[in-house]
Amino acid sequence: MVFLLRARAKSARLPPFSSLGLLQTAAIGDTVLMSAVLPDIRRSFPNARITLFCGSSNHQMARLLPDVDEVVPLPINSPLAAVRLLRSKRVDVLCDFGPWPRLNAICSALSGARFLIGFRTPGEHRHYVYDRAVEHSARVHELENQRALVRALGVESRSLPHLSAEGPLPKALSPKAFVVFHLWPAGYRSYLKEWPESYWLELAESVGPLGYDIVLTGGTSDRERAEEISAKLTARANRRVLDLCGETTLAETIRVLKDAAAVVSVNTGIVHLAAAVEAAVISLNGPTNAARWGPVGPRSISINAAGSDCGYLNLGFEYAGHRDDCMAAIKPDLVFETLVRLLRSETDQDSQATG
């Protein structure tokens, strides 16, 4: 279908425009990274109306992004309805941030926009519809790919991801008195990005004597497993464990991350949220390539599985022919040592700030 649309008449030059559409239908982490390029787009086009078209999985995150005039969730599982909604907004220029979904390319081609920008991703054969196709690289962080994309608009982006933590902190918590554990990733074959439960229990046993409570974050789908492990964590840590899975809004979760003494998480959207509010965060990367998808922030640390045959994920589905035990190669003692150093540096910074 994308190939058939290649005959669409294309423009060589970016025309003057008053409305700009941004298409990002993917996961939370990809959407968080957009918080770096959006302020730079706004500074370059202060009078343009910017509309962000999102999907069902990231619309809550999209509503928290800065410098967007309107957020429009698309019924992406109903392509005809999505195209009709896209066309109704009558954007002059549409910039597709999706690196691989061909449905994005089809919707772009049929959007009615006068100029289309999108990625040329090796092997995906989706770039034919764009007036300006930008090379998507597996050798750089996804933020750098997004910066390359907006460069096609004439925008030089150097900002870091940034979100405001405006939600309330749950009354049961005190700032900097707890460490967040985020156990469960999302996406295709996400179980291969989970850290072994026994490792979380061992880490909790080490964290408990430090005097920090433990907070579990996650979605409603994580509730059952969270209930099972929270009692085990409490017993091992001998500290209070507060299970917030499915109990907080996204804005409230962001506040929890901001006010945590530290966040330890598998590589998923939470590490990007934590980094964007400048939280102290440790990302555990097994099959995930940290150079492509690690958190970007001033207090972010990535711990990678040992061995050159891990860290192989690029777009998130390249598991075939690779190890499935990479997360087990990240040992709890290394994570704890890293956490202690991070907590110590946070304490030293606080002392200097109040000294």
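The values are calculated or read from the model by the stated rules, or taken from the named source; none is laboratory data. Here the structure is a predicted model, which means the values were calculated and not measured. In this analysis, Cβ positions are derived from the backbone assuming ideal geometry, glycine residues included, and neighbour counts consider all displayed protein chains.
Please specify each residue of segment 248-262 satisfying the condition of being crowded, with 17+ Cβ neighbours inside 10 Å, outside any helix (DSSP H, G or I) and hydroxyl-bearing (Ser, Thr, Tyr).
Within segment 248-262, just Thr248 meets the criteria.
If you go through segment 211-218 one residue at a time, do you hit one that is in contact (Cβ under 8 Å) with a residue 40 or more places away in the chain and part of a loop (DSSP other than H, G, I, E, B)?
Among the residues of segment 211-218, at least one is in contact (Cβ under 8 Å) with a residue 40 or more places away in the chain and part of a loop (DSSP other than H, G, I, E, B), which makes the answer yes.
Test of understanding: among Pro185, Pro168, which residue is in contact with a strand residue (DSSP E or B) (Cβ under 9 Å, 6 or more places away or on another chain), closer than 26 Å to Ala62 by Cα and in a loop (DSSP other than H, G, I, E, B)?
Pro185
Could you give every pair whose Cβ atoms fall below 8 Å, whose first residue belongs to segment 289-305 and is assigned by TED's automatic domain parsing to the domain that holds Ala138, and whose second residue is part of a loop (DSSP other than H, G, I, E, B) and of a type outside the set (Lys, Arg), counting only separations of at least 6 or pairs across chains?
So the pair list comes out empty.
What number of residues in segment 142-165 are farther than 30 Å from Tyr212 by Cα and either hydrophobic (A, V, I, L, M, F, W, C) or outside any loop (DSSP other than H, G, I, E, B) (or both)? Spell out the reasoning first.
Our first condition is that a residue be farther than 30 Å from Tyr212 by Cα; within segment 142-165, this holds for 142-159.
Restricting the remaining residues to those that are either hydrophobic (A, V, I, L, M, F, W, C) or outside any loop (DSSP other than H, G, I, E, B) (or both) gives 142-153, 155.
Counting residues in segment 142-165 that are farther than 30 Å from Tyr212 by Cα and either hydrophobic (A, V, I, L, M, F, W, C) or outside any loop (DSSP other than H, G, I, E, B) (or both) gives 13.
What's the number of the only condition in (1) within 19 Å of the chain's Cα centre (by Cα); (2) among the aliphatic types (A, V, I, L, M); (3) under 22 Å from Arg114 (Cα atoms) that Leu64 fails to meet?
Of (1) within 19 Å of the chain's Cα centre (by Cα); (2) among the aliphatic types (A, V, I, L, M); (3) under 22 Å from Arg114 (Cα atoms), only one is false for Leu64: (3).
Could you tell me whether segment 309-316 includes any residue that is among the charged types (D, E, K, R), assigned to a loop (DSSP other than H, G, I, E, B) and either in contact with a strand residue (DSSP E or B) (Cβ under 9 Å, 6 or more places away or on another chain) or over 23 Å from Glu144 (Cα atoms) (or both)?
yes
Would you tally the residues in segment 171-180 being buried (at least 21 other Cβ atoms within 10 Å of the Cβ) and assigned to a loop (DSSP other than H, G, I, E, B)?
Filtering segment 171-180 down to residues buried (at least 21 other Cβ atoms within 10 Å of the Cβ) leaves 178-180.
Filter once more, keeping what is assigned to a loop (DSSP other than H, G, I, E, B): none.
Matching residues across segment 171-180 total 0.
How many residues are part of a helix (DSSP H, G or I) and under 24 Å from Thr253 (Cβ atoms) if we restrict to segment 27-48?
Kept after step one, since they are part of a helix (DSSP H, G or I), are these residues of segment 27-48: 28-44.
Those left that are additionally under 24 Å from Thr253 (Cβ atoms): 28-39.
Adding up the residues that qualify gives 12.
How about segment 223-243: which of its residues are buried (at least 19 other Cβ atoms within 10 Å of the Cβ) and either among the aromatic types (Phe, Trp, Tyr) or within 23 Å of the chain's Cα centre (by Cα) (or both)?
Ala226, Asp243
Determine which member of the set Glu135, Glu142 is touching a Phe, Trp or Tyr at 6+ places or on another chain (Cβ under 8 Å) and loosely packed, with under 14 Cβ neighbours inside 10 Å.
Just one listed residue meets the conditions, Glu135.
If I ask for residues that are among the polar types (S, T, N, Q), surrounded by 16 or more Cβ atoms within 10 Å (Cβ to Cβ) and out of contact with any Leu (no Cβ under 7 Å at 6 or more places or on another chain), which ones from segment 52-67 would you list?
Step one: list which residues in segment 52-67 are among the polar types (S, T, N, Q), which gives 56-58, 60.
Of the ones still in play, those that are also surrounded by 16 or more Cβ atoms within 10 Å (Cβ to Cβ) are 57-58, 60.
Ser57, Asn58 - these are the residues of segment 52-67 that are among the polar types (S, T, N, Q), surrounded by 16 or more Cβ atoms within 10 Å (Cβ to Cβ) and out of contact with any Leu (no Cβ under 7 Å at 6 or more places or on another chain).
Just one of (1) at pLDDT 95 or above; (2) within 30 Å of Leu65 (Cβ to Cβ) trips up Thr234, so point out which.
Exception for Thr234: condition (2).
Can you confirm whether Phe119 is of a type in the set (Phe, Trp, Tyr) and surrounded by 23 or more Cβ atoms within 10 Å (Cβ to Cβ)?
For Phe119, the condition - of a type in the set (Phe, Trp, Tyr) and surrounded by 23 or more Cβ atoms within 10 Å (Cβ to Cβ) - is met.
Among all residue pairs at least 6 apart or on different chains, which show Cβ distances below 6 Å where the first residue, located in segment 329-346, is acidic (Asp, Glu) and the second is at pLDDT 95 or above?
Listed pairs, sorted by first residue: Glu346/Ala280.
Where residues in segment 42-61 are of a type in the set (A, V, I, L, M) and in contact with a helix residue (DSSP H, G or I) (Cβ under 6 Å, 6 or more places away or on another chain), which of them is nearest to Asn145 (Cα to Cα)?
Here the answer is Leu52.
Mind checking whether some residue in segment 200-219 is of a type in the set (D, E, K, R), in the same structural domain as Leu313 (by TED's automatic domain parsing), farther than 22 Å from Leu342 by Cβ and at pLDDT 95 or above?
no
In segment 279-296, which residues are within 14 Å of the chain's Cα centre (by Cα) and assigned to a loop (DSSP other than H, G, I, E, B)?
Once the filter is applied, which keeps residues that are within 14 Å of the chain's Cα centre (by Cα) and assigned to a loop (DSSP other than H, G, I, E, B), segment 279-296 yields Asn289, Gly294, Pro295, Val296.
How do the strands (runs of 3 or more DSSP E) wholly within segment 49-141 filter down when requiring 2 or more residues that are of a type in the set (Phe, Trp, Tyr) and in contact (Cβ under 8 Å) with a residue 24 or more places away in the chain: which remain?
Passing ranges, in order: 115-120.
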